[in-house]
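I have placed the structure first, in the form of structure tokens, so that the comments after it can refer back to it.
The values are calculated or read from the model by the stated rules, or taken from the named source; none is laboratory data. None of the values given here were measured: they were computed from a predicted structure. All Cβ positions, even for glycine, are placed from backbone atoms using ideal geometry, and neighbour counts span all protein chains on display.
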């Protein structure tokens, strides 16, 4: 009797300990995620992206470049100089360039109008030269649509075709690791290490995925545009290098933007 | 006269067809976009955009037809190179290091540096490592759950070979697996694969520890 008691107590103890272990592990997991969430909440009050926004606002009105022009003649789709609401309707088709353009390729068009060499800027590495000003401009332009819902125009065949090509590219597997965008972003609720992955095959929801870039990255202290985000995705996919503002990046943005229809933009967001 | 509205409706429908992007047209556009958008950088050359049969068949939202998947799996299975000396397991300690290492084969990686296995990016393995991804299934207790008490025993042979095949070419058993073909694509060497095999199957490995 005594022995049975002891055995039962031992078993209960083992169960309790193993239960504790499991609990402790679950806590370690959630506390990591919670810690990140808390950190984000603390920083969100003063997202450093605001520094880029302020700089972008100055650049927007400044007369610059060989032609001494400001961006007040720059049409992002809402009319010359109009910033509010532009971000959540890009990429879209533009009559003057006869192309579907995302925010950054459109800004290149405007920089060219100011007399800058767009090809040269596109070939400049991220974080250098005129690319630094582009970071500020995308922060400013995206911030002007904060809280608005994505609503990419799809009225033109060129726009529908670009989104459809973007879908093909999203599922395009290649390279030594056989990765496509969908390898990481094709299912809900997945992670790489502890990093949550947005499911970009569907609408990931308000302020997630396409609706969260550009973003300030705490880990690097930089502001990353959607072009830079896509560029680093392709690097990790073990693909060759996608050109800045190339059609592949615009097509992918069109696909993700159409998927994100109705999602509220929080860009520039705050990332780990 | 009465047929007129119908004709107009038909013409409108046809015009609608003409303005909707056809799949072949979209294919051509996608190919043109791929050809114009990328450049080589470092070790990442443009030939990486050329798909093989398995990649091509698994590049759509919907998986390929079952017959196609079976054909791919058979073809991929034929590519598996089995260890010539019959030694399948190396050192689980080296395997754990490889599992932690996510480097290799990007355009920012230098030429000739051995790649890591990327395992923890997608899988749970040793219990002590809580920073693991969930794209792949948990591999905690991998060998134990599959009844591998002694990897060298004949009873374990089938599971040992299955695991080697999975690491060498994951598409041999699942045509559109998300997992890279580590042996087939030359990402990892046979010696590295042996160390990962030990991490999964050695009873002394933390993967199989309680």
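Would you confirm, using the coordinates I've provided, whether residue B:109 is more than 14 Å from chain A (Cβ to nearest Cβ) and more than 28 Å from residue B:71 (Cα to Cα)?
Criteria not met by residue B:109.
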Over the range B:112-132, the set of residues out of contact with any helix residue (DSSP H, G or I) (no Cβ under 8 Å at 6 or more places or on another chain), more than 21 Å from residue A:181 (Cβ to Cβ) and either surrounded by fewer than 16 Cβ atoms within 10 Å (Cβ to Cβ) or facing chain A (nearest Cβ under 8 Å) (or both) is B:112, B:113, B:128
What's the number of the only condition in (1) farther than 29 Å from residue A:170 by Cα; (2) free of Cβ contacts under 8 Å to residues at least 24 places away in the same chain; (3) more than 14 Å from chain A (Cβ to nearest Cβ) that residue B:67 fails to meet?
(1)
Single match in A:191, A:238 (criterion: surrounded by fewer than 19 Cβ atoms within 10 Å (Cβ to Cβ) and modelled with pLDDT of 95 or more)
A:191
Which ones in the range B:54-73 are over 12 Å from residue B:176 (Cβ atoms) and in contact with a helix residue (DSSP H, G or I) (Cβ under 8 Å, 6 or more places away or on another chain)?
none
Is there a residue being away from every other protein chain (no Cβ under 11 Å), under 15 Å from the mean Cα position of the chain (by Cα) and assigned to a loop (DSSP other than H, G, I, E, B) anywhere in the range A:229-249?
no
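For the range A:119-127, does any single residue satisfy the condition of being touching a strand residue (DSSP E or B) at 6+ places or on another chain (Cβ under 9 Å) and more than 30 Å from residue B:62 (Cα to Cα)? Quick ask: steps written out before the conclusion?
First, the residues of the range A:119-127 that are touching a strand residue (DSSP E or B) at 6+ places or on another chain (Cβ under 9 Å): A:126-127.
Subset that is more than 30 Å from residue B:62 (Cα to Cα): A:126-127.
Yes, some residue in the range A:119-127 is touching a strand residue (DSSP E or B) at 6+ places or on another chain (Cβ under 9 Å) and more than 30 Å from residue B:62 (Cα to Cα).
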Could you tell me whether the range B:133-141 includes any residue that is farther than 30 Å from residue A:34 by Cβ and either in contact with a helix residue (DSSP H, G or I) (Cβ under 8 Å, 6 or more places away or on another chain) or at pLDDT 95 or above (or both)?
no
